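Visitor: Dumping the structure here so I can ask a few things about it.
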Amino acid sequence: MSPVRLRPYTEAHAASLVEAARESVAEVGRWLPWCHAGYQLSEARDWIRGERELFEKRTSFQFAIESDAGLFLGGCGLNQLNPLHRFANLGYWIRSSLTGHGHASQAVRLLSAWAFENTELVRLEIVAAVGNRASQRVAEKAGAVREGVLRDRLQIHGVWHDAAVFSITREAPEGAGAA
């Protein structure tokens, strides 16, 4: 397993994002509707621009997953941040031609460490459709704890799916949780 690194998205990632998305439509597009055969460079640029603004506002943190040689492998990030209860959704994807090498689970571990070092988040949630076994295996390999299945939790391509929920937590600070 070769090491991966996370880098905040920049405009320079746009073409690689489009290439990776188009090659991954059959596998990734099934679960992530933004990944479609007609995905355009303008969509990638607009998304990156928007995510960079959200990163600066500290309301979403999206990263490109790269090999140690700089090859674009996929993406991961934290979104749906809840500042009151200090949790966020953690998502990830790897381009189809490079799955099965442990890149996603490495990225999840790196992103979790980054989140706990750079934010006040205490809980990271991974929510994967029950049919998305690959994503669930990544969560398990990354050390996330499976907490259960939520009925009709995700709407994907207009269809409701039950979802397995996993968590990665850090020890809550003293006084947290006291009622």
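Visitor: I need every pair where a residue in the stretch 107-122 that is basic (K, R) has its Cβ under 6 Å from the Cβ of a residue that is at pLDDT 95 or above, sequence separation at least 6 or different chains.
Guide: These pairs meet every condition: R109/A142.
Visitor: Got a sec? Which of G91, G70, G74, G100 is part of a loop (DSSP other than H, G, I, E, B) and either over 15 Å from L17 (Cβ atoms) or under 12 Å from the mean Cα position of the chain (by Cα) (or both)?
Guide: The conditions single out G100.
Visitor: Only residues that are within 18 Å of the chain's Cα centre (by Cα), more than 23 Å from Q155 (Cα to Cα) and without any contact (Cβ under 8 Å) to a residue 40 or more places away in the chain: list them for the stretch 20-49, please.
Guide: Of everything in the stretch 20-49, those that are within 18 Å of the chain's Cα centre (by Cα), more than 23 Å from Q155 (Cα to Cα) and without any contact (Cβ under 8 Å) to a residue 40 or more places away in the chain turn out to be I48, R49.
Visitor: Within the bounds of the stretch 111-123, is there any residue that is among the small types (G, A, S), buried (at least 18 other Cβ atoms within 10 Å of the Cβ) and farther than 22 Å from Y9 by Cβ?
Guide: Within the stretch 111-123, none of the residues are among the small types (G, A, S), buried (at least 18 other Cβ atoms within 10 Å of the Cβ) and farther than 22 Å from Y9 by Cβ.
Visitor: Further, regarding this structure: Out of S97, S24, S67, S42, which single residue is crowded, with 18+ Cβ neighbours inside 10 Å and of a type in the set (S, T, N, Q)?
Guide: Among S97, S24, S67, S42, only S24 is crowded, with 18+ Cβ neighbours inside 10 Å and of a type in the set (S, T, N, Q).
Visitor: Please go through the stretch 133-175 and pick out each residue that is in a loop (DSSP other than H, G, I, E, B) and within 17 Å of W31 (Cα to Cα).
Guide: H157, G158
Visitor: Residues that are of a type outside the set (F, W, Y), in a loop (DSSP other than H, G, I, E, B) and out of contact with any strand residue (DSSP E or B) (no Cβ under 9 Å at 6 or more places or on another chain): does the stretch 40-60 have at least one?
Guide: Scanning the stretch 40-60, I find at least one residue that is of a type outside the set (F, W, Y), in a loop (DSSP other than H, G, I, E, B) and out of contact with any strand residue (DSSP E or B) (no Cβ under 9 Å at 6 or more places or on another chain), so the answer is yes.
Visitor: Only one residue in Q80, Q106 is out of contact with any helix residue (DSSP H, G or I) (no Cβ under 7 Å at 6 or more places or on another chain) and part of a strand (DSSP E or B). Which one?
Guide: Q80
The values are calculated or read from the model by the stated rules, or taken from the named source; none is laboratory data. Predicted, not measured: the structure shown is a model, and the values here were computed from it. Because the Cβ atoms are built from the backbone with ideal geometry, glycine has one as well, and the counts that use them run over all protein chains shown.
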